[in-house]
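Scroll down for the structure; my scribbles are underneath it.
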Amino acid sequence: MAQSDTNTQQLKRTPLHAAHLRSGARMVEFGGWEMPVSYTGVMAEHQAVRQQAGMFDVSHMGEFRVTGTGALDFLQSVTTNDVSRLKAGRAHYNWLPGESGGLIDDIYVYRVAEHDYLLVVNAANIGKDWAHLKRHLNDHDAQLSDESGQWGLIAVQGPQTGALLQPHCDTNLGQTKKNDFFAAHLFGVPVWLARTGYTGEDGFEVFVPAAQAEAIWDALLGAGLTPAGLGARDTLRLEAGFPLFGHEFSAEIHPLSSGYSWVVKDKAHLGRHHIRVEPEHRLIGLATDKVPLREGYPVFQGGVQVGVVTSGTVSPTLGHPIAMALVDRQAAEQGAFEVEVRGKRVAARVLELPFYRR
Amino acid sequence: MQTPSELKYAPTHEWLSGDGTVGISDFAQDQLGDVVYVELPEVGREVKAGETLAVVESVKTASDIYAPASGTITAVNDALSGTPELVNSSPYGEGWLFKLDVGEASGELMDAAAYGAANN
């Protein structure tokens, strides 16, 4: 294998960095951040989330606040989903379309109050998103602020999450619904909770002021949650068929290749004219019996290259390799594929996305 | 981290025993994480030191395995096709990768002390 690379000096750290080292995490570079890839092992952490409950440090993600009487109009102009449908205390998945057909980022929008929204953006895109939003703020009567450094963000995911959190939370979690967003006290600390996640399981994302993040993390450890790293986060989201920016989405990839047409609503917005064009590619699910498929492997049909693998792993739940691939639209309707692995063509069968649904 | 003193080690984390058996080090398996697939060379293949001849894949990534010495492949560990996790649980035992009939010139390998010092 490759020789070790321990050059992590220039990387940014989350408020939970010390907690990760205490838990024996293996730290890696991710989008300019030093992040835990695993603690005990990707498989064990994956199973903990599928079967009980795990927690992820996602504090590297960016938080932007948009406030003011023009906040809604501004957000409507730069996103594809209909922000006007969000009531205070609700959240939804949304896209920031670019001006040439791809995405600037995929984001989550939380409506805090009537004229107050929180956006959560991908860590690697914080600077780019900020510049893009600033540029389009124009004469909207809205204020944009970068609160990324102020928040710790912990995703608590898995079927036992509610039961494990409830004794330490002053809100009746059983009465909340998916995409609810509310203020609460968790272990006595004022936090925001959102019933959202990226694993295909029920769960909550905990927004905690950075200074209290480590105390909450340690309390969650004590309550029985298993720390899980980026490795398990990736296998979980892949099984759940969730696209990841930089793999299934980019400035070049037409976002409707993903089939997520519900994210684009009938409204005026930036890049509208590009996004309404039918995509030439389609995101499909592939599986093999044994040979893992990895990002970048070429996909063939009838001896002709028709696409490329965008993400791949071995599914801990299914016990065999799974992958997502972007292929020509016509090829997607045909079925049989071969993937080139180290110069050899390997048969891959099509599996409907998502690979896993609770 | 175990680093048996009777073995020689490559900077790319393969170990080589006196009888030509090759595997990856305890450090390497720990860095890789859960091993889920191993691709091994064909018996009879002649390899040069430093040549890529096998692949060990974890959940996260595929890692090339390099020949720690020049020679001919005399055996491969078929058990790894059904139980690749042996590379994690027994990197110096049941998780061996292949055997090499080592020719005269072997690559530049480290003893356990030097390898351990380079990877702590």
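Observations on the model:
- Matching strands (runs of 3 or more DSSP E) fully within the stretch A:289-338 where at least 3 residues are open to solvent by less than 20 Å² (accessible area, probe 1.4 Å): A:304-314, A:321-328
- Search result, residues across the stretch B:5-32 that are away from every other protein chain (no Cβ under 13 Å) and open to solvent by 30 Å² or more (accessible area, probe 1.4 Å): B:5, B:6, B:8, B:18, B:19
- Matching residues in the stretch A:196-236 - criterion: being assigned to a loop (DSSP other than H, G, I, E, B) and out of contact with any helix residue (DSSP H, G or I) (no Cβ under 8 Å at 6 or more places or on another chain): A:196, A:197
- Residue in the stretch A:227-240 that is over 14 Å from the mean Cα position of the chain (by Cα) and open to solvent by less than 40 Å² (accessible area, probe 1.4 Å) present: yes
- Filter pass, residue A:267 being of a type in the set (Lys, Arg) and under 30 Å from residue B:60 (Cα atoms): no
- Scanning the stretch B:33-74 for residues that are of a type in the set (Gly, Ala, Ser), open to solvent by 30 Å² or more (accessible area, probe 1.4 Å) and in a strand (DSSP E or B) returns B:62, B:70.
- Residues located in the stretch A:273-287, provided they are at pLDDT 95 or above and either farther than 30 Å from residue A:41 by Cα or open to solvent by 10 Å² or more (accessible area, probe 1.4 Å) (or both): A:279, A:280, A:281, A:282, A:283, A:284
Yes or no, residue by residue, for (1) open to solvent by less than 20 Å² (accessible area, probe 1.4 Å); (2) under 15 Å from the mean Cα position of the chain (by Cα); (3) closer than 23 Å to residue A:44 by Cα; (4) of a type in the set (Val, Ile, Thr):
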{"position": "A:162", "(1), (2), (3), (4)": "no, no, yes, no"}
{"position": "A:185", "(1), (2), (3), (4)": "no, no, no, no"}
{"position": "A:208", "(1), (2), (3), (4)": "yes, no, no, yes"}
{"position": "A:215", "(1), (2), (3), (4)": "no, no, no, no"}
{"position": "A:221", "(1), (2), (3), (4)": "no, no, yes, no"}
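- Some residue of the stretch A:168-181 being surrounded by fewer than 16 Cβ atoms within 10 Å (Cβ to Cβ), out of contact with any Leu (no Cβ under 9 Å at 6 or more places or on another chain) and among the polar types (S, T, N, Q): yes
- Filtering the stretch B:83-102 to residues that are farther than 17 Å from residue B:2 by Cα and either part of a loop (DSSP other than H, G, I, E, B) or not aliphatic (A, V, I, L, M) (or both) leaves B:83, B:84, B:85, B:97, B:98, B:99, B:101.
- With respect to (1) in contact with a Gly (Cβ under 6 Å, 6 or more places away or on another chain); (2) of a type outside the set (Asp, Glu); (3) away from every other protein chain (no Cβ under 14 Å), the lone exception for residue B:75 is condition (1).
- Of all residues making up the stretch A:245-296, the number that are among the polar types (S, T, N, Q), outside the structural domain of residue A:342 (by TED's automatic domain parsing) and touching a residue at least 12 places away in the same chain (Cβ under 8 Å): 3
- Which numbered condition residue B:18 misses (of (1) modelled with pLDDT of 95 or more; (2) part of a loop (DSSP other than H, G, I, E, B)): (1)
- Of the residues A:28, A:58, the single one that is within 14 Å of chain B (Cβ to nearest Cβ) and farther than 30 Å from residue A:276 by Cβ is A:28.
- Cβ separations smaller than 7 Å between residues 6+ apart or across chains give the following pairs from the stretch A:38-51 residues that are touching a residue at least 12 places away in the same chain (Cβ under 8 Å) and closer than 19 Å to residue A:161 by Cα to residues that are part of a strand (DSSP E or B) and hydroxyl-bearing (Ser, Thr, Tyr): A:45/A:38; A:45/A:226; A:48/A:226.
- Check on residue A:347, in a strand (DSSP E or B) and either at pLDDT below 95 or within 30 Å of residue A:160 (Cα to Cα) (or both): no
- Applying the set (1) over 21 Å from residue A:237 (Cβ atoms); (2) open to solvent by 30 Å² or more (accessible area, probe 1.4 Å); (3) part of a loop (DSSP other than H, G, I, E, B) to residue A:101 leaves exactly one unmet item: (2).
- Count of the stretch A:12-38 residues which are part of a loop (DSSP other than H, G, I, E, B) and open to solvent by 30 Å² or more (accessible area, probe 1.4 Å): 5
- Any hit, the stretch A:25-38, residues being small (Gly, Ala, Ser), farther than 25 Å from residue A:321 by Cβ, within 19 Å of the chain's Cα centre (by Cα) and at pLDDT 95 or above: no
The values are calculated or read from the model by the stated rules, or taken from the named source; none is laboratory data. Everything numeric here is computed off the predicted structure, so don't read it as measured data. Cβ sites come from the backbone with ideal geometry, for glycine too, and all protein chains shown count toward neighbours. Calculation scope for accessible area: heavy atoms of the full protein, side chains included, ligands and nucleic acids excluded. Shrake-Rupley method; radii C 1.70, N 1.55, O 1.52, S 1.80 Å.
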